[in-house]
1. Which of the GluC sites (Glu not before Pro) found in the stretch 47-140 are loop residues per DSSP with 12 or fewer other Cβ atoms within 10 Å of their Cβ?
2. Treating only the Cβ of Lys, Arg, Asp and Glu as charged (+1, +1, -1, -1), what charge dipole size does the chain show about its Cα centre? Round to the nearest 20 debye.
3. Taking Rh as the Kirkwood radius computed over C-alpha pairs, what is the Stokes-Einstein D of the chain at 10 °C in a medium of viscosity 1.306 mPa s, expressed in µm² per second?
4. With n ≥ 4 as the cut-off for DSSP H runs, can you work out [θ] at 222 nm for the chain, using -39500 (n - 2.57) per run divided by the number of residues, rounded to the nearest 500?
5. Restricting to DSSP loop positions (anything but H, G, I, E, B) with no more than 12 other Cβ atoms inside 10 Å of their own Cβ, which chymotrypsin sites (Phe, Trp or Tyr not before Pro) remain in the stretch 1-76?
6. Where Lys and Arg each count +1 and Asp and Glu each count -1, what net charge lies around K7 among other residues with Cβ under 12 Å from its Cβ?
7. Across 10 Å bins from the origin, how do the percents of Cα pairs in the stretch 82-165 run, short distances first?
8. With r defined as the distance between the Cβ atoms of K176 and H92 and R0 fixed at 22 Å, what FRET efficiency is calculated, to the nearest 0.05?
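Just so it is clear, none of the values below were taken in a lab; they were calculated from the coordinates. Fair warning: this is a prediction, and the values are worked out from it, not measured in the lab. All Cβ positions, glycine included, derive from the backbone under ideal geometry; neighbour counts span all protein chains shown.
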Amino acid sequence: MYEITYKEILNNDVELMVVNAPFVAKNAKPGNFLIVRVDEFGERIPLTIVKHDETSVTIIYQKLGYSTTLLSQKQAGDSLFDVVGPLGVPTHIRDVKSVLGIAGGVGSAPLYPQLEEYAKRGAAVDLVIGGRTKEHLLLVEDYKKFCRNIYFATDDGSFGHKGFVTQVAEELYQNKQYDLSIAIGPLIMMKNTVLLNKKYNVLTDVSLNPIMIDGTGMCGNCRVTVNGETRFACVDGPDFPAEGIDFDELMVRQNYYKSEEKHICRMKLEPKDES
């Protein structure tokens, strides 16, 4: 059993937990993720390792379906049945001098350890961070500790630019040059960021979070097409160079599973009609 030592509600949709998992914490590197099971009957939930120390890992999750809603019911002092990791391939840290991070929504979580590592290695790091509202801009105070500049975008205009992170990034490209951009967020946001970065000759890395089940490549559920070849996000990623990723195919597959997840969630959560 893995004790939850700290919990924080970041907004109505997203929460943060610190979990005691010494083996995972000891071996974690930027880009790694873990799989959580709330109880012995629970589904497997893949989550990025946002931070870690010698004994604990920090995870951030969005309450989307049955299992993350179940996870949300846990409090500090409770325990999780299973925490498996670190999984995935650690992020390839490029030899660059300037990096622009572009985060959409909960993409701020997997982006954080990567940008922090680039900053530790001496790269100048800027960040464009977006969310539906000001309350959905995640980890801002943590990012301020190592980012040179932070630019904001919200859908409702409650903070920063009203609109998309790509609009903010394009404005930056008019006056600044970056060796690399790391974009993490919804698939459509990453696709549009890749198209924008190609226009300005900026390399792009992304983190793909398709539907995962076992986290070891055996189920094949997290397959993605990269340069015409099949890759598995859980064992070949989740971080990939963006060029060559078939985002359209991935979005079609993701939407299929989202509709299935909503149907299953309703079946589990809605009371049965016994009449």
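1. Taking the stretch 47-140 and a limit of 12 other Cβ atoms within 10 Å, the loop GluC sites (Glu not before Pro) found are E54.
2. For this selection, approximately 560 debye.
3. D = 83 µm²/s.
4. -8500 deg cm²/dmol
5. Values: sites: Y2, Y6, F23, F33, F41, Y61, Y66; in loops: F41.
Hits after loop and neighbour filter: F41.
6. Net charge around K7: -3.
7. 18, 45, 27, 10, 0
8. Working: r = 24 Å, r/R0 = 1.07.
My answer for the efficiency is 0.40.
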